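A quick write-up on the structure given underneath.
The values are calculated or read from the model by the stated rules, or taken from the named source; none is laboratory data. In this text the structure is predicted, and so the values were computed from the model without any measurement. Reconstructed Cβ throughout: ideal geometry from the backbone, glycine too, with neighbour counts over all protein chains shown. Each accessible area value is taken on the protein alone, full model and side chains, heavy atoms only, with ligands, DNA and RNA left out. Shrake-Rupley method; radii C 1.70, N 1.55, O 1.52, S 1.80 Å.
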Amino acid sequence: QVQLVESGGGLVQPGGSLRLSCAASGRIFSIGAMGWYRQAPGKQRELVATITRGGTINRQDSVKGRFTISRDNANNTVYLLMNMLKPEDTAVYYCKALIAQTMSHMERDYWGQGTQVTVSS
């Protein structure tokens with residue numbers, strides 16, 4: 001079994017900061033790309049940022065210059081540092097990781113349960 005557990009969400013005022021963490025645990029042989037997605041009420045889930053095992057980053061244009069994604073490969077953890085938060089960043093944030101459980105398993109996507117981020121005064 002593989003689990004992704006997110007933490008760090010909450011309520012913050014506009015212009016504030018939050019740091020999300022997502023730790024993968026369980027039967028893991030290898031982890032490829034990890035990333036963060038978000039879903040606001042009434043909207044589709046969208047990509048926020050992804051990072052490969054080698055550190056290549058892809059980010060949505062609206063978060064460039066404000067959000068930073070990073071990962072700790074030794075601890076199977078991915079982070080999202082969110083600065084200068086805006087009300088439109090309000091959403092449930094989900095972690096995703098491409099994981100192979102054993103050498104003979106194909107990689108597949110695993111999702112966390114989501115963490116709420118609310119930006120409001």
(request) Distance from a point 7 Å along Cα→Cβ of L47 to each backbone N in region 61-82: keep the residues under 11 Å and list them by number. (result) 61
(request) Just need the relative contact order of the chain here, percent rounded to a whole number, with Cα pairs under 8 Å and 6+ apart. (result) 36
(request) Could you check how much of the accessible area of the chain is carbon and sulfur, as a whole percent, using a 1.4 Å probe? (result) 49
(message) Can you tell me which aspartates and glutamates have their Cα less than 18 Å from the Cα of K43? Leave out same-chain residues fewer than eight positions away.
(response) D61, E88, D89
(request) May I ask you to give the solvent-accessible area per residue for the chain, in square angstrom, as obtained with a 1.4 angstrom probe? (result) 54
(message) Through the Karplus equation 6.51 cos²θ - 1.76 cosθ + 1.60, θ set to phi - 60°, convert the phi angles of region 67-74 into ³J(HN,Hα) values in whole Hz; use x for Gly and Pro.
(response) 9, 10, 9, 8, 8, 10, 5, 5
(request) Quote the Stokes-Einstein diffusion coefficient, in whole µm² s⁻¹, for the chain, based on the Kirkwood radius over alpha carbon pairs, a temperature of 4 °C and a viscosity of 1.567 mPa s. (result) 89
(message) With every atom except the alpha carbons ignored, what do you get for Rg and Dmax of region 1-71, in angstroms?
(response) 13.6, 40
(message) Just want to confirm a number: the relative contact order over region 27-89, from Cα pairs under 8 angstrom separated by 6+ residues, in percent.
(response) 23
